[in-house]
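Notes for the one structure printed next.
Taken together, the values in this text are just the output of simple stated rules run on the coordinates, not laboratory data. Every value quoted in this text rests on a predicted model; they were computed, and no experiment measured them. Please note: Cβ atoms are built from the backbone with ideal geometry, for glycine as well, and neighbour counts cover all protein chains shown.
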Amino acid sequence: MRQALQRAWLHRGLLAWLLWPLSLLFGLLAATRRAAYRTGILRATTLPVPVIVVGNVVAGGAGKTPVTIALVRHLQARGIPVGIVSRGYGRRDTRQDLIEVHADSLASEVGDEPLLVHRATGAPLVVGRRRAEAAQHLLARHPAVAVIVSDDGLQHLALSRDIEICVFDARGVGNGFLLPAGLLREPWPRPVDFILHTGTVDAPNAFILKRQLAGHAADADGNTTDLSALAGQPVTAVAGIAQPQAFFDMLAARGIHASHTVALDDHHDFSGWQPPEGTVICTEKDAVKIWPAHPRVLAVVLEVTVDEAFWHALDARLSSLHGHQTA
């Protein structure tokens, strides 16, 4: 059913049209909620520091997490203390809502993507169902933080934001319908500050985003293996992400034609999972859940390259915010 939906989201075929009436209801609910914030019926929380939201308007994973990592590293390189907030989607243990992520945190408690982002950047990161509360908690614990980055949250209107970055992959807006008939979480186009895309988006504030796998894989202890050494070898590729085939295709682009592929649901729970015999390679997002029990499984990093003009435009926009210095 998942695969059928993903195919339907790309074209206005029979299944998409059958689901179209439901998409009207979805759109009405989304519009009503947005109007409630616009008219002041619901109020957004404004923070004392600039907020940058990295998100998307499409379902099914457009690659926002690697962009979040790249953004945080860029700000850190400029000497800007940055903190991150996330919903922590996919975590199983929700007895405590607001949790600060540490390198030794469990994905089941904080979510796989927040754990990946924190390990990649070292930046303070708090997860919580309400991102505004997560950000306030983070600032209370880390008062030196000068910029908050929200990993996802374009539709989380309870947190006021200064800069919105919308990420698209090669699917673009698909068939243009709202969920469940199409990819869109909200009508597009809609105003955002910047667009990053791997395909084609016709807008003056759109910049090219390139994604590819790194040339090596690593196990939990940091032992690396060149992907070229695995070419032609029997390899099992595992992916519990929104678009597993995209990972398998990227492996093939690196010369790794997996003899067996295992496509799982996004945020798959790997507790109790047993890897098959031989060499197993997975995404870095899956690795944070696999490695505690199976440290020899190899993970490969997804690298992103962003148009240099985007960084210049972002820095200028951030510098222009009232009372904020980025020097």
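Would you pull out the residues with amide H under 5 Å of LEU125's amide H, same chain only if 5 or more places away, H placed 1.01 Å from N? Here the answer is ILE84, VAL101, since their amide H atoms fall under 5 Å of that of LEU125. Close amide H contacts of SER150 (hydrogens built in the peptide plane, cut-off under 5 Å, sequence separation of 5 or more or a different chain): ILE52, VAL53, VAL54, VAL85. Given their separation in residues at 0.36 nm each and the Cα-Cα distance between them, SER160 and ASP269 gain 36.0 nm when the chain is fully extended.
Kindly work out what percent of the DSSP beta bridges joining two residues of the chain are antiparallel, to the nearest 5. Of those bridges, close to 25 percent are antiparallel. Karplus-based coupling profile of region 306-315, in residue order and whole Hz: 10, 3, 4, 4, 5, 4, 5, 5, 5, 4, with θ = phi - 60° in 6.51 cos²θ - 1.76 cosθ + 1.60 and x standing for Gly or Pro.
Between GLN96, GLN136, GLN155, the Gaussian network model of the chain with springs among Cα atoms under 10 angstrom shows the greatest mean-square fluctuation at GLN96. The HN-Hα couplings worked out from phi for region 125-132 by the Karplus form 6.51 cos²θ - 1.76 cosθ + 1.60 (θ = phi - 60°) are 9, 10, 9, x, 4, 9, 5, 4 Hz, whole numbers, x standing for Gly and Pro.
Around TRP291, what is the net charge, scoring Lys/Arg as +1 and Asp/Glu as -1 over all other residues with Cβ under 15 Å from its Cβ?
On the way: positive: ARG119, LYS285, LYS289, ARG296; negative: ASP104, ASP112, ASP219, ASP221, ASP269, GLU284, ASP286.
It works out to a net charge of -3.
Hey, what D do you get for the chain in µm²/s if you plug the Kirkwood alpha-carbon radius into Stokes-Einstein at 20 °C and 1.002 mPa s? D = 103 µm²/s.
The Cα atoms of region 212-304 cover 30, 27, 26 Å along the three principal axes, with the biggest extent listed first.
Calculated on the Cα set of region 151-256, radius of gyration then Dmax: 17.8, 51 Å.
Would you compute, from DSSP H runs of 4+ residues alone, the mean residue ellipticity of the chain at 222 nm, taking -39500 (n - 2.57) per run and dividing by the full residue count, rounded to the nearest 500? Don't skip to the end; give the middle numbers.
Values: 9 runs with 101 residues, N = 327.
Rounded to the nearest 500, the figure is -9500 deg cm²/dmol.
At a Förster distance of 22 Å, what's the computed FRET efficiency of TYR37 paired with ASP193, Cβ-Cβ distance as r, to 0.05?
On the way: r = 18 Å, r/R0 = 0.81.
Calculated transfer efficiency: 0.75.
Among the GluC sites (Glu not before Pro) found in region 262-327, those both in a DSSP coil and sparsely packed, with 12 or fewer other Cβ atoms within 10 Å of their Cβ, are GLU277.
Can you give the charge dipole size of region 212-304 about its Cα centre, rounded to the nearest 20 debye, using +1 on the beta carbon of Lys and Arg and -1 on the beta carbon of Asp and Glu?
Numbers: 4 positive and 11 negative charges, 23 e Å.
I would put it at about 100 debye.
Largest GNM mean-square fluctuation among GLY232, GLY61, GLY153, using the chain with Cα springs under 10 Å: GLY232. Put a dot 7 Å past the Cα of ALA231, heading toward its Cβ, do the same for ALA44, and the two dots end up 4.8 nm apart.
Dividing the mean sequence gap of close Cα pairs (under 8 Å, 6+ apart) by how many residues the chain holds gives a relative contact order of 20 percent. Which residue, TRP273, TRP188, TRP17, tops the fluctuation ranking in a GNM of the chain built on C-alpha contacts under 10 Å? Of the options given, TRP273 has the highest mean-square fluctuation.
Evaluate 2.2 N^0.38 Å with N set to the residue count of region 101-140, then give the Cα radius of gyration divided by it.
On the way: Rg = 9.8 Å, N = 40, 2.2 N^0.38 = 8.9 Å.
Taking N as the residue count of region 101-140, the ratio is 1.09.
Antiparallel versus total DSSP beta bridges in region 212-304: what percent is that, nearest 5? Working shown, then result.
Details: 7 of 18 bridges.
Percentage antiparallel, nearest 5: 40.
Between SER259 and GLN76, the contour length at 0.36 nm per residue exceeds the Cα-Cα span by 61.9 nm.
Going through region 10-113, which trypsin sites (Lys or Arg not before Pro) have at most 16 other Cβ atoms within 10 Å and a DSSP loop state?
Numbers: sites: ARG12, ARG33, ARG34, ARG38, ARG43, LYS64, ARG73, ARG78, ARG87, ARG91, ARG92, ARG95; in loops: ARG12, ARG43, ARG78, ARG87, ARG91, ARG92, ARG95.
Passing both the DSSP loop test and the Cβ count: ARG12, ARG43, ARG78, ARG92, ARG95.
Couplings for region 229-244, taken from phi via the Karplus curve 6.51 cos²θ - 1.76 cosθ + 1.60 with θ = phi - 60°, read 6, 9, 4, x, 8, x, 10, 9, 9, 10, 8, x, 10, 5, 10, x Hz in order; Gly and Pro are left as x. Compared with the alpha-carbon gap, the fully stretched path from GLN245 to ALA313 is longer by 21.2 nm at 0.36 nm per residue.
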